[in-house]
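Have a look at the structure below, then the notes.
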Amino acid sequence: MKNSRLLLIITVAFGLAWEGIVRLLNVPVFILPPPSRIFAALGKHWELLLFTHLPVTLWEVILGLFLSIVIAVGAAMLIHFSEIGERVLYPIVIASQTIPIVALSPILIMWFGYSIWGKVAVTILITFFPIVVGGVDGLRATNQEWVNLMKTMGANSRQIFFKVQIPQALPAFFSGLKVAATASVIGATIGEWLGASAGLGFFSRRASHNLQADLLFATVFLLSIAGFVLFYTIQWIEKKSIPWFYEEKK
């Protein structure tokens, strides 16, 4: 409760300082609009933003993140349990992140077109890496003493995997997933900037071209809120899935 109040106070103070400095220095609105103009633009176009463009972006984010989890979990298991997977697949996964996403995105849009799958592909590309790394590190961090104990009790490989390795890998997995959740909003936005007919990224690009800075900042505000909601949703799922981890931290 105290942290929430402190965050609210800091946010309000920052907004008031921003408003005052912009008006005091007479900064042009098309360069840096005051918060009052941003929220006025948000209020004026709220139906278009919330009911037309936001659902498109959220669907791309959710679908891309879901497919990214499926691909990343499979890759992490293959890397951990297969020596060939570790030698061949892991370097490819790492190499995929050394190429700037802005350079790869046009290629993906060219392959998949302006349909939703182009944006989903960009989202997957930008989100699967932290999930893979978190999954691999989590599986590698398995307590070998627990594994040996399970073996002495007659447990087979499947039982050890589900009762020891997966529970111990979940904290690292969720850490990677929280990073991926916020990055998924970035991925969908980049995809929409490069080619789309709807979505917050498309809307922000149009506002930028028209020098409508207040609308641009309003769109960025909504994207930030979406990232916050995704992050704390994953954190809530994490606390429900591995309550023992948070109890140990206390």
**Asked** Just wondering, is there one or more residues in the stretch 53-69 that are farther than 30 Å from Ala17 by Cβ, without any contact (Cβ under 8 Å) to a residue 40 or more places away in the chain and among the acidic types (Asp, Glu)?
**Response** no
**Asked** Got a sec? Which of Thr123, Thr182 is touching a residue at least 12 places away in the same chain (Cβ under 8 Å), in the same structural domain as Leu63 (by TED's automatic domain parsing), over 27 Å from Trp244 (Cα atoms) and in a helix (DSSP H, G or I)?
**Response** Thr123
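For every residue, the table says whether it meets (1) at pLDDT 90 or above; (2) in contact with a helix residue (DSSP H, G or I) (Cβ under 7 Å, 6 or more places away or on another chain); (3) over 30 Å from Phe161 (Cα atoms); (4) assigned by TED's automatic domain parsing to the domain that holds Ser175.
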site: Ile62; (1), (2), (3), (4): yes, no, no, yes
site: Ile69; (1), (2), (3), (4): yes, yes, no, yes
site: Val73; (1), (2), (3), (4): yes, yes, no, yes
site: Ile94; (1), (2), (3), (4): no, no, no, yes
site: Phe112; (1), (2), (3), (4): no, yes, yes, yes
**Message:** Any residue at all in the stretch 218-227 that's buried (at least 18 other Cβ atoms within 10 Å of the Cβ), hydroxyl-bearing (Ser, Thr, Tyr) and within 19 Å of Phe128 (Cα to Cα)?
**Reply:** no
**Scan of the stretch 72-112 for residues that are in a loop (DSSP other than H, G, I, E, B) and surrounded by fewer than 11 Cβ atoms within 10 Å (Cβ to Cβ), ordered by number** = Thr98, Pro100
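The values are calculated or read from the model by the stated rules, or taken from the named source; none is laboratory data. Predicted model, so just to flag it, every value in this text is computed and none were measured. So basically every Cβ, Gly included, is an ideal-geometry build from the backbone, and we count neighbours across all protein chains shown.
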